[in-house]
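The values are calculated or read from the model by the stated rules, or taken from the named source; none is laboratory data. Computed from a predicted structure; not experimentally measured. Neighbour counts are summed over all protein chains in view; Cβ atoms, including those assigned to glycine, are modelled from backbone coordinates with ideal geometry.
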Amino acid sequence: MSDDDKTPEDDAPNGEAPNDETASDETAGGDTPDGESPREGLPGWGSSDKRRRRVSGPMKKGGDARAAKQMFERVKTARGRKTSSTRWLQRQLNDPYVKKAQMEGYRSRAAYKLLQLDERFKLLRPGMRVVDLGSAPGGWVQVALKSGASEVVGIDLLEIEPITGATLLEKDFTDDDAPSLVKAEMGGAADAVVSDLAPWTTGHKTTDHLRIVALAELAAHFAVETLKPGGFFIAKVFQGGSDGALLDLLKAKFEKVRHFKPDASRSESAETFVVAMGFRG
Ligand SMILES: C[S@@+](CC[C@H](N)C(=O)[O-])C[C@H]1O[C@@H](n2cnc3c(N)ncnc32)[C@H](O)[C@@H]1O
């Protein structure tokens, strides 16, 4: 299959947000492994819930070998489970990054994508203000905090378990008040806006693709509203998409724009990341 043939559902069983990044089924952010997510059917897969939570508390460890074994047993005994969901679970179980995340206390395997992006571009630095769009279950927030960021604000439609040192908002980042709220929470403009946003998939290839492209564009507009000059923006995008408008915007607003697919991004997935550096303000 060429990258162009790949669809968002390469990343998740149909009907789920392509949020297959959780380090264990305990932290699956509400998804059920059989593809019947409790979030399925949410109107417009967006939430108008404006609840805001400043949170603190112990960082939850992602799990351990026992958790992995339990997952495996669930796969073996998954009678009646859809084949695609069983395949998804088995892939999770055998994924080295899922295991690594469990061992190292990251809430998601996605954490390694941001770590590898940062290894490549050397962007995260101590004292930064970082906004993470689409942050549940919290792997990227953990990475930002570990880099020494002074302020980390994560936003997701889903509730996120508290992470010490981060402000986590249960909110749609496309809400009109989101940029000003985030700036107020951080005490000023951001040094970094990072986005691992992923929409709910419908299984309809074109619809799913359009949703992903739209989310990335909205994230870029959010970045333009919240970044300080010199800041950077990272966003998940999909290869083969019609992302011309996004690239035009980024090239106009940033000094350098690059694409990079970290090793932790599954090779069979069409996802890649766009990195825009040197916000012109
Ligand atoms: C792949 S997950 C993010 C994983 C995260 N980077 C981590 O490391 O744990 C994508 C998230 O985007 C969120 N999302 C999608 N649309 C959103 C929106 N409009 N506003 C806020 N969050 C959104 C989903 O709820 C989902 O939790």
(message) Conditions first: (1) in contact (Cβ under 8 Å) with a residue 12 or more places away in the chain; (2) more than 13 Å from the ligand (Cβ to nearest atom); (3) over 26 Å from D243 (Cβ atoms). H209 passes all but one, so which condition is the exception?
(response) (3)
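Could you pull out the residue among A149, A192, A198 that is touching a residue at least 12 places away in the same chain (Cβ under 8 Å), closer than 27 Å to F254 by Cα, assigned by TED's automatic domain parsing to the domain that holds Y112 and within 13 Å of the ligand (Cβ to nearest atom)?
Numbers: A149 fails: within 13 Å of the ligand (Cβ to nearest atom); A192 fails: within 13 Å of the ligand (Cβ to nearest atom).
That would be A198, the only listed residue that is touching a residue at least 12 places away in the same chain (Cβ under 8 Å), closer than 27 Å to F254 by Cα, assigned by TED's automatic domain parsing to the domain that holds Y112 and within 13 Å of the ligand (Cβ to nearest atom).
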(message) Which of the numbered conditions does D243 fail, given that it passes all the others? Conditions: (1) in contact with a Pro (Cβ under 8 Å, 6 or more places away or on another chain); (2) over 25 Å from M128 (Cβ atoms); (3) not small (G, A, S).
(response) (1)
(request) Output the number of residues of the stretch 184-216 satisfying the condition of being part of a helix (DSSP H, G or I) and over 20 Å from K261 (Cβ atoms). (result) 9
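Does K261 fit the bill of being of a type outside the set (F, W, Y), touching an Asp or Glu at 6+ places or on another chain (Cβ under 9 Å), surrounded by fewer than 19 Cβ atoms within 10 Å (Cβ to Cβ) and at negative phi? So that I can check it myself, show each step before the final result.
Details: of a type outside the set (F, W, Y): yes; touching an Asp or Glu at 6+ places or on another chain (Cβ under 9 Å): yes; surrounded by fewer than 19 Cβ atoms within 10 Å (Cβ to Cβ): yes; at negative phi: yes.
The answer is yes for K261.
Residues are listed down the side, and each one gets a yes or a no for (1) over 17 Å from D196 (Cβ atoms); (2) among the polar types (S, T, N, Q); (3) outside any loop (DSSP other than H, G, I, E, B):
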{"residue": "V224", "(1), (2), (3)": "yes, no, yes"}
{"residue": "K228", "(1), (2), (3)": "yes, no, yes"}
{"residue": "G231", "(1), (2), (3)": "yes, no, yes"}
{"residue": "D248", "(1), (2), (3)": "yes, no, yes"}
{"residue": "A252", "(1), (2), (3)": "yes, no, yes"}
{"residue": "V257", "(1), (2), (3)": "yes, no, yes"}
{"residue": "S267", "(1), (2), (3)": "yes, yes, no"}
{"residue": "A276", "(1), (2), (3)": "no, no, yes"}
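Free of Cβ contacts under 8 Å to residues at least 60 places away in the same chain, assigned by TED's automatic domain parsing to the domain that holds G138 and under 20 Å from G138 (Cα atoms): does that describe F233? Let's see the steps before the verdict.
Details: free of Cβ contacts under 8 Å to residues at least 60 places away in the same chain: yes; assigned by TED's automatic domain parsing to the domain that holds G138: yes; under 20 Å from G138 (Cα atoms): yes.
So F233 passes the test.
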(message) Looking at the stretch 113-146 only, could you name the residues that are within 13 Å of the ligand (Cβ to nearest atom) and of a type in the set (A, V, I, L, M)?
(response) L114, L115, L117, V130, V131, L133, A136, V141, V143, A144, L145
(request) Name the residue, out of L169, L218, L181, that is under 17 Å from W140 (Cβ atoms), within 14 Å of the ligand (Cβ to nearest atom) and at pLDDT 95 or above. (result) L169
